Amino acid sequence: MSTEVELKLGIPTAEVDKVRRLDWLRELSGPAKSQQLVTVYFDTPKFKLRERGLAIRVRHTGRRRVQGIKSLARGDRGAFSREEWEQEIRSDTPDLDLAAGTALEPLATKKLRRKLKPIFETVIERTTFPIHSEKADLELALDRGHIRVHGTRGREPISEIEIEMKRGDPLELTKLARRLARSLSVVYGPRSKAERGYALSADEASKAVYGTEIVLDANVATGVAFRIIGLACLDHAVANERSTRAGDAEGIHQMRVGLRRLRTAISIFSELVQGPETEAIKAELKWVSEQLAGARDLDVLIEKQVRPLLAAAPIGSAAAVLKEDLDGRRGAELAKAKAAVESDRYRSIGLRAALWLAEGSWVHSDDALVAARRERPAAQVAAEVLAKRTKRILKKARRIGKLDARRRHKLRIAVKKLRYACEFFAQLYPGAKRQARQARFYKTLKRLQGLLGTLNDFEVHRGMAARIARLRKQTPTQVRKALAMGFITGQEQKQLASCLASIDKAAARLGKLPQFWQ
């Protein structure tokens, strides 16, 4: 097995030829080599391997056939690492006898052999630039081609750069990426060809992408844990760019979730990563989140509150007028979200954040305290974080009836951050008993977050109703919109006492549950 350490960058097709003409790249690299690569990916009709986070492929390079088994999940041995097993074979189809000693071995049954079939293929014209220096050996691969789904017309262009670390100092990889970013319109593109091919095969190319489980070894150091967690969150957000551009509400939501989780990770590990570089990254991530917020908030209001009223008498006609108005606003917010992810500002954020997570100043600081924090066992840090944040939340939740809207909102954010922390650190505490405790704790925490989210929605809707009611131009349309919003907020106020009581109950239950990290 090898651990492939590479950084993947997207590049506009129109700029591909510019790469070959970069004077500084020609000076750094040896002679470039071009070749055509045809790679066929195999799976069962129900994508069993994909479900297990694996891909098996056969790459055709001239007369050579190389079988590759790859993990679709990020590895834990480097910033941009994935586990990979490669062996040369004679056939055009996979040889599962060679799966011994790989992650595929437990699945390599006779049944899998019978059901395995080609799903999609990539056809790539690759130009490789070898880069050698005293500090590192790198390989820059410029890929242009397409993905094609077998048995269908499904097809998608590929235009990207891969920088692979062969030997030496990883900082050289990030330096090369930054130099490319100054010369070309490159973007951070973490999704592999296998992931894109599967999405195209399943007709999911423009659909929302959900976060994956974060893989942490129980003995991992804090610095490595933060890098793995941060990149997983960033990859989750970036993977939803396409669905955001397509105006998919769930895609926008998932992009926001990825960004919020990354900001939470930075907050959790703040003692390790504090500094001006971190503050700049946080500000940019916050800007992206703000550009997406309006579309998501309006979508929740329309789908959860307004749409159910359309068929209700006598408020239905007023609700229809309100919905038409909100649909128009949502359209404007969707356009705003799309413009944000297509902007030059956003283009630089993903790569900047990825390189900061991989090789930022916090990684190389020679300050003794920072170095000690990097090397602390992550399980120790996690236990302190989880205990401290839980204590604060329980203290505030017991006074929920006395908190104003601003403090309730802050409590909701604190609960959300604790839930994300539980997700981040789940694998640091193995064992059936601990996992059962963790599941109960997480379930109750999620319930508490949902209830606090409902309270927050009530407050947002009350403010919106007040703004509509204060409009100077009291046309019949405005009156109907105000009537519908007034009805919605009136119904929500009736639920307020019950919601507060449920929060009390959930907080009390959370306080009695055993702390799984102990």
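Rule-based calculations on the coordinates, nothing more; no lab input. Remember, predicted model here, so these are calculated numbers, not experimental data. A quick note on method: Cβ atoms are made from the backbone with ideal geometry, for glycine too, and the neighbour counts reach across all protein chains shown.
Things worth noting here:
- Potential lengthening between His150 and Glu279 on full extension [0.36 nm per residue; Cα-Cα distance subtracted]: 41.8 nm
- For the set Lys388/Lys443; Lys46/Lys433; Lys207/Lys338; Lys46/Lys70; Lys304/Lys416, the pairs lying more than 24 angstrom apart at their alpha carbons are Lys46/Lys433.
- Under the membrane-span-like helix rule (DSSP H runs whose alpha carbons stretch at least 15 Å along the helix axis, mean Kyte-Doolittle hydropathy -0.5 or higher), the chain yields 171-183, 222-238, 249-268, 276-300, 316-341, 344-359, 378-397, 476-512.
- With neighbours defined as other Cβ atoms within 10 Å of a residue's Cβ, the residues Lys391, Lys48 order from fewest to most as Lys391, Lys48.
- With at most 11 neighbouring Cβ atoms within 10 Å, loop GluC sites (Glu not before Pro) (DSSP) excluded, longest segment of the chain: 214-518
- 3J(HN,Hα) along segment 118-132, derived from phi through the Karplus expression 6.51 cos²θ - 1.76 cosθ + 1.60 where θ = phi - 60°, amounts to x, 9, 7, 9, 10, 10, 10, 9, 10, 10, 10, 10, x, 10, 10 Hz, with x in place of Gly and Pro.
- 13 Å beta-carbon shell around Glu121, net charge (K/R +1, D/E -1): +4
- Within-13-Å neighbourhood charge of Glu342 [Cβ basis; K, R +1; D, E -1]: +4
- Entry note, the chain: relative contact order of 13 percent, from Cα contacts under 8 Å with a spacing of 6+ residues.
- Largest-first ellipsoid semi-axes for segment 125-205, taking √(5λ) over the Cα gyration tensor eigenvalues, angstrom: 30, 12, 11
- One Cα centroid belongs to segment 380-443, the other to segment 309-328; the line between them spans 38 Å.
- Along the axis of the charge dipole computed for the chain (Cβ charges of +1 for Lys and Arg, -1 for Asp and Glu, origin at the Cα centre), the listed residues Gln427, Phe487, Ala99 are led at the positive end by Phe487.
- Residues Asp43, Asp137, Asp299, Asp367, sorted so that the one with the fewest Cβ neighbours within 10 Å comes first: Asp367, Asp137, Asp299, Asp43
- P(r) histogram, all alpha-carbon pairs of the chain included - 20 Å bins from 0, percent: 19, 49, 28, 4
- Label zone at Val300 (point 7 Å along Cα-to-Cβ), backbone N below 15 Å, segment 393-410: 406, 408-410
- Expected-Rg normalisation [2.2 N^0.38 Å, Cα atoms] applied to segment 297-356: 1.68
- Three principal axis lengths of segment 371-444 [C-alpha, angstrom, descending]: 40, 33, 16
- For segment 57-62, backbone phi angles converted through the Karplus equation (6.51, -1.76, 1.60; θ = phi - 60°) give residue-by-residue couplings of 9, 10, 9, 9, 10, x Hz, Gly and Pro being listed as x.
- Given 16 as the ceiling on other Cβ atoms within 10 Å, longest exposed-site-free region of the chain for chymotrypsin sites (Phe, Trp or Tyr not before Pro) in DSSP loops: 211-518
- Where trypsin sites (Lys or Arg not before Pro) fall in DSSP loop in segment 478-518, at most 11 other Cβ within 10 Å: none
- Here the chain is assigned +1 on the Cβ of each Lys and Arg and -1 on the Cβ of each Asp and Glu. Its dipole about the Cα centre then comes out at about 2600 debye.
- Under the Karplus curve 6.51 cos²θ - 1.76 cosθ + 1.60, θ = phi - 60°, whole-Hz ³J(HN,Hα) for segment 164-170, x wherever Gly or Pro sits: 10, 8, 8, 6, x, 7, x
- As a length-normalised measure over Cα pairs under 8 Å and 6 or more apart, the relative contact order of segment 2-205 settles at 28 percent.
- The convex hull defined by the C-alpha atoms of segment 1-143 has an orientation-averaged projected area of 10.2 nm².
- Segment 84-187: trypsin sites (Lys or Arg not before Pro) in DSSP loop, at most 15 other beta carbons within 10 Å: Arg90, Lys135, Arg153
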